[in-house]
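Participant: Here you go, one structure.
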Amino acid sequence: MLQAEPKPISDEELAKFYEFFYRKTGIMFSDNKRYFVERRLQDRIVATGSADFRAYFSSIRFQNSVNEIECLINSMTVNETYFFREDYQFTALVDGICPDIAENKKPGDAIRIWSIPCSTGEEPYSIAIYLLDRWSRADEFDIEILASDIDTRVLASARAGIYGERSLQKLSNSEKERYFTFLRQDQYQIRDEIRESIDFSPINVMDPKQIQNYRNIDVIFCRNLLIYFDDISRRQAVEAMYECLVPGGFICLGHSESMSRMSSLFHPRKFSETIVYQKDVSSR
Amino acid sequence: MALVKRRDGKAGDAARENASAGRSLNELLPALGATDAVSRRQAARELAAHPNAAPAMCGQLEGERDASVRSVIFTSLIKLKTRTVVELLAPYLRSEDAALRNAVVEALQEMPEDIEPFMDSLLSDPDSDVRISAVTILGALAHPRVPEWLSQVIQSDPHINVCAAALDCLAEAGDEEAVPLLEGLAHRFPDEPYINFAVAAAIRRIKGE
């Protein structure tokens, strides 16, 4: 028997949901996403067997439905990754963050950048390309790029470094020519010298033993990971990253994420068009 | 020389932390008072595995000046999440230290089942500031009795600021059933323009007008 379509969601119910979802995740929807949000909410209402929006909202707001919150967030976010995604943060890296870090380094010192979660590798390779092409002082330092993910399948793909046109859509032809080898139609492989310079490793950020292997990091790119965590896991993850960073180190979060909603351990800094978060310079 | 592969496996601090993992309660408690913040954070993190450490961790909060250590202590207390922890944290709702008070509110919001037996008492505390903190806890508490507790405040708390805090929460989470309650609140404080304004705004918001 077909399940009846749930009642339509009213404007005020949707407004209430937008506010709740923003407080929970930092993701703000506006009415131009109304159809998208409503469709997915209706799906969750049906999937949980809730009678209507009111019953569903009550269950996520007043019960501790961690699993359902996770399902809800998954359904509301689109996991798509590609080269130079949210590139204003890479601009901030080369125009602001790295020059700031370099002020306290000597030529030949290491600058350590960690991409977590690195998924299939687009983010750490984008960081590498940006640094090589757009930071004039890159040659003065030993830049180590670490890239980690909990999913070993995506790590294998990241190590292979093979991508289709869609992943490379934001790269210029010159960048494609300089940093990729054409394999066959719709398949490009990142050049070996870049591929081999990046340290890919599996990690569960919630495992203290694993995270102890990551120390003296200058910059962490941790974009669109923490929104999937419940509050206590988010606290633990942020505190774990605090331990990983050098004093004065930086964290870059996803565009919808805000550290001020998770922890007061970091200070916001504005570079280029984005806000990043810095561990206190005098901290230990 | 630009991009290089990572040269070392782990740095000194990590090696030290590895060596100290799995310590007993008796080893950890003195470390909670160590002079360096790294050791205190590490001890606080490990104490999350020791429910008997709650009194020591809660006791450390007042004198602990390093925000990063405080943060880890709170995380460990949230992981322990017991009635004892709630009992030990609740007195800090009276603290003069606003950062500590706010951190306690946030921690207690993470313990919905354990705070339930204490909520009535917090909401009837003689100190209106404590009652405001209790309402603030309700603002993000995932517990089915939240609407009931908020209604109770709206209907009977004598202090305008406590009621205003509850009104804010209801405006955000309430539905049309809350409207008569809110109207009742306006009648309880007829000479307070702010309450009348806030009630009208909350009702408009709930009705989507």
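Participant: I'm told A:PHE83 meets every condition in (1) in a helix (DSSP H, G or I); (2) away from every other protein chain (no Cβ under 12 Å); (3) of a type outside the set (Gly, Ala, Ser) except one. Can you identify the failing condition by its number?
Facilitator: (1)
Participant: Could you count how many residues in region A:131-144 are open to solvent by 10 Å² or more (accessible area, probe 1.4 Å) and in a helix (DSSP H, G or I)?
Facilitator: Narrowing region A:131-144 to residues open to solvent by 10 Å² or more (accessible area, probe 1.4 Å): A:132-137, A:139-140, A:142.
If we keep only those that are in a helix (DSSP H, G or I) too, we end up with A:132-134, A:139-140.
Adding up the residues that qualify gives 5.
Participant: Check whether at least one residue in region B:47-58 is within 14 Å of chain A (Cβ to nearest Cβ), of a type outside the set (Lys, Arg) and open to solvent by less than 60 Å² (accessible area, probe 1.4 Å), and report yes or no. Spell out how you get there, then give the answer.
Facilitator: Of the residues in region B:47-58, the ones within 14 Å of chain A (Cβ to nearest Cβ) are B:47-49.
From the residues that got through so far, the ones that are of a type outside the set (Lys, Arg) too are B:47-49.
Right, trim to open to solvent by less than 60 Å² (accessible area, probe 1.4 Å) and you get B:47-48.
Looking for residues that are within 14 Å of chain A (Cβ to nearest Cβ), of a type outside the set (Lys, Arg) and open to solvent by less than 60 Å² (accessible area, probe 1.4 Å), one finds at least one in region B:47-58, hence yes.
Participant: Oh, and also: Taking region B:161-199, which residues are open to solvent by 40 Å² or more (accessible area, probe 1.4 Å) and in a helix (DSSP H, G or I)?
Facilitator: Applying the first criterion (open to solvent by 40 Å² or more (accessible area, probe 1.4 Å)) to region B:161-199 yields B:161, B:168, B:175-177, B:180, B:183, B:187-188, B:190-194, B:196-197.
Within region B:161-199, B:ASN161, B:ASP168, B:GLU176, B:GLU177, B:PRO180, B:GLU183, B:HIS187, B:ARG188, B:PRO193, B:TYR194, B:ASN196, B:PHE197 meet the criteria.
Participant: Just checking, how many residues over region A:170-199 are part of a loop (DSSP other than H, G, I, E, B) and touching a Cys at 6+ places or on another chain (Cβ under 9 Å)?
Facilitator: Taking region A:170-199 first, the residues part of a loop (DSSP other than H, G, I, E, B) are A:170-172, A:185-186, A:191, A:196-197.
This time we only want the ones that are touching a Cys at 6+ places or on another chain (Cβ under 9 Å), so: none.
The total comes to 0.
Participant: Please go through region A:213-229 and give me each residue that is over 16 Å from the mean Cα position of the chain (by Cα) and in contact (Cβ under 8 Å) with a residue 24 or more places away in the chain, ordered by number.
Facilitator: Selection gives A:TYR214, A:ARG215, A:ASN216, A:ILE217, A:ASP218.
Participant: Next up: For region A:270-279, enumerate the residues that are open to solvent by 70 Å² or more (accessible area, probe 1.4 Å) and not in a loop (DSSP other than H, G, I, E, B). So that I can check it myself, show each step before the final result.
Facilitator: Just the residues of region A:270-279 that are open to solvent by 70 Å² or more (accessible area, probe 1.4 Å), to begin with: A:270, A:273, A:275.
Those that are open to solvent by 70 Å² or more (accessible area, probe 1.4 Å) and not in a loop (DSSP other than H, G, I, E, B): A:LYS270, A:ILE275.
Participant: Enumerate the pairs (first residue in region B:164-183 and within 14 Å of A:SER58 (Cα to Cα); second residue anywhere and of a type in the set (Ser, Thr, Tyr)) with beta-carbon separation below 6 Å, excluding pairs fewer than 6 apart on the same chain, so at least 6 apart or on different chains.
Facilitator: Pairs found: none.
Participant: Just give me the residues in region A:39-55 being more than 30 Å from the chain's Cα centre (by Cα), closer than 16 Å to A:ASN67 by Cα and crowded, with 16+ Cβ neighbours inside 10 Å, in sequence order.
Facilitator: Once the filter is applied, which keeps residues that are more than 30 Å from the chain's Cα centre (by Cα), closer than 16 Å to A:ASN67 by Cα and crowded, with 16+ Cβ neighbours inside 10 Å, region A:39-55 yields only A:SER50.
Participant: A further question follows. Within region A:201-217, is even one residue open to solvent by 40 Å² or more (accessible area, probe 1.4 Å), part of a loop (DSSP other than H, G, I, E, B) and either over 16 Å from A:ALA240 (Cα atoms) or touching a Gly at 6+ places or on another chain (Cβ under 9 Å) (or both)? Steps first, please.
Facilitator: Residues of region A:201-217 open to solvent by 40 Å² or more (accessible area, probe 1.4 Å): A:202, A:204, A:206-210, A:213, A:216.
Now restrict to residues that are part of a loop (DSSP other than H, G, I, E, B): A:204, A:206-207, A:213, A:216.
This time we only want the ones that are either over 16 Å from A:ALA240 (Cα atoms) or touching a Gly at 6+ places or on another chain (Cβ under 9 Å) (or both), so: A:213, A:216.
Checking region A:201-217: at least one residue is open to solvent by 40 Å² or more (accessible area, probe 1.4 Å), part of a loop (DSSP other than H, G, I, E, B) and either over 16 Å from A:ALA240 (Cα atoms) or touching a Gly at 6+ places or on another chain (Cβ under 9 Å) (or both).
Participant: Quick one: in region A:146-175, which of the residues that are within 14 Å of another protein chain (Cβ to nearest Cβ) and out of contact with any Lys or Arg (no Cβ under 8 Å at 6 or more places or on another chain) is surrounded by the fewest Cβ atoms within 10 Å (Cβ to Cβ)?
Facilitator: Of everything passing the filter in region A:146-175, A:SER148 is surrounded by the fewest Cβ atoms within 10 Å (Cβ to Cβ).
Participant: Let me ask you something else. Looking at (1) in contact with a Lys or Arg (Cβ under 9 Å, 6 or more places away or on another chain); (2) more than 10 Å from every other protein chain (Cβ to nearest Cβ); (3) closer than 20 Å to A:GLN89 by Cβ, which one does A:LYS270 not meet, given that it meets all the others?
Facilitator: For A:LYS270, the exception is condition (1).
Participant: Can you tell me how many residues within region A:238-262 are open to solvent by less than 20 Å² (accessible area, probe 1.4 Å), in contact with a strand residue (DSSP E or B) (Cβ under 9 Å, 6 or more places away or on another chain) and touching a residue at least 24 places away in the same chain (Cβ under 8 Å)?
Facilitator: The qualifying residues number 13.
Participant: Would region A:218-237 turn up any residue that is open to solvent by 50 Å² or more (accessible area, probe 1.4 Å), among the basic types (Lys, Arg) and either within 13 Å of chain B (Cβ to nearest Cβ) or within 24 Å of A:ILE73 (Cα to Cα) (or both)?
Facilitator: No.
Participant: Looking at (1) facing chain A (nearest Cβ under 10 Å); (2) over 17 Å from A:VAL238 (Cβ atoms), can you tell me which one B:ASP66 breaks?
Facilitator: B:ASP66 satisfies all of (1) facing chain A (nearest Cβ under 10 Å); (2) over 17 Å from A:VAL238 (Cβ atoms) except (2).
Participant: Go through (1) part of a loop (DSSP other than H, G, I, E, B); (2) over 21 Å from the mean Cα position of the chain (by Cα); (3) modelled with pLDDT under 90 one by one and return the number of the condition A:TYR35 breaks.
Facilitator: A:TYR35 satisfies all of (1) part of a loop (DSSP other than H, G, I, E, B); (2) over 21 Å from the mean Cα position of the chain (by Cα); (3) modelled with pLDDT under 90 except (1).
Participant: Can you give me the number of residues within region B:141-167 that are of a type in the set (Asp, Glu) and within 12 Å of chain A (Cβ to nearest Cβ)?
Facilitator: Pass one, region B:141-167, residues of a type in the set (Asp, Glu): B:148, B:157.
Among the residues that remain, those that are also within 12 Å of chain A (Cβ to nearest Cβ) are: B:148.
Selection size over region B:141-167: 1.
Participant: Further, regarding this structure: Does region B:122-135 include one or more residues that are polar (S, T, N, Q), crowded, with 16+ Cβ neighbours inside 10 Å and within 14 Å of chain A (Cβ to nearest Cβ)?
Facilitator: Scanning region B:122-135, I find no residue that is polar (S, T, N, Q), crowded, with 16+ Cβ neighbours inside 10 Å and within 14 Å of chain A (Cβ to nearest Cβ), so the answer is no.
Participant: Filter region A:109-123 down to the residues that are open to solvent by 20 Å² or more (accessible area, probe 1.4 Å), at pLDDT 95 or above and either in a loop (DSSP other than H, G, I, E, B) or among the aromatic types (Phe, Trp, Tyr) (or both) and list them by number.
Facilitator: A:ASP109, the sole residue that qualifies.
Participant: Let me ask something additional. Among the listed residues A:PRO202, A:PRO208, A:PRO247, identify the single one that is within 12 Å of another protein chain (Cβ to nearest Cβ) and either modelled with pLDDT of 90 or more or touching a Cys at 6+ places or on another chain (Cβ under 6 Å) (or both).
Facilitator: Of A:PRO202, A:PRO208, A:PRO247, the one residue that is within 12 Å of another protein chain (Cβ to nearest Cβ) and either modelled with pLDDT of 90 or more or touching a Cys at 6+ places or on another chain (Cβ under 6 Å) (or both) is A:PRO247.
Participant: Still on this structure: Within region B:71-91, restricting attention to residues that are in a helix (DSSP H, G or I) and open to solvent by 30 Å² or more (accessible area, probe 1.4 Å), which residue is farthest from the other protein chains (Cβ to nearest Cβ)?
Facilitator: Restricting to residues being in a helix (DSSP H, G or I) and open to solvent by 30 Å² or more (accessible area, probe 1.4 Å), the top hit is B:PRO91.
The values are calculated or read from the model by the stated rules, or taken from the named source; none is laboratory data. Not measured: the values here are computed from a predicted model. Here Cβ is always computed from backbone atoms with ideal geometry, including for glycine, and neighbour counts include all displayed protein chains. Just so you know, the surface numbers come from the protein's heavy atoms only, side chains and all, with ligands and any DNA or RNA stripped out. Shrake-Rupley method; radii C 1.70, N 1.55, O 1.52, S 1.80 Å.
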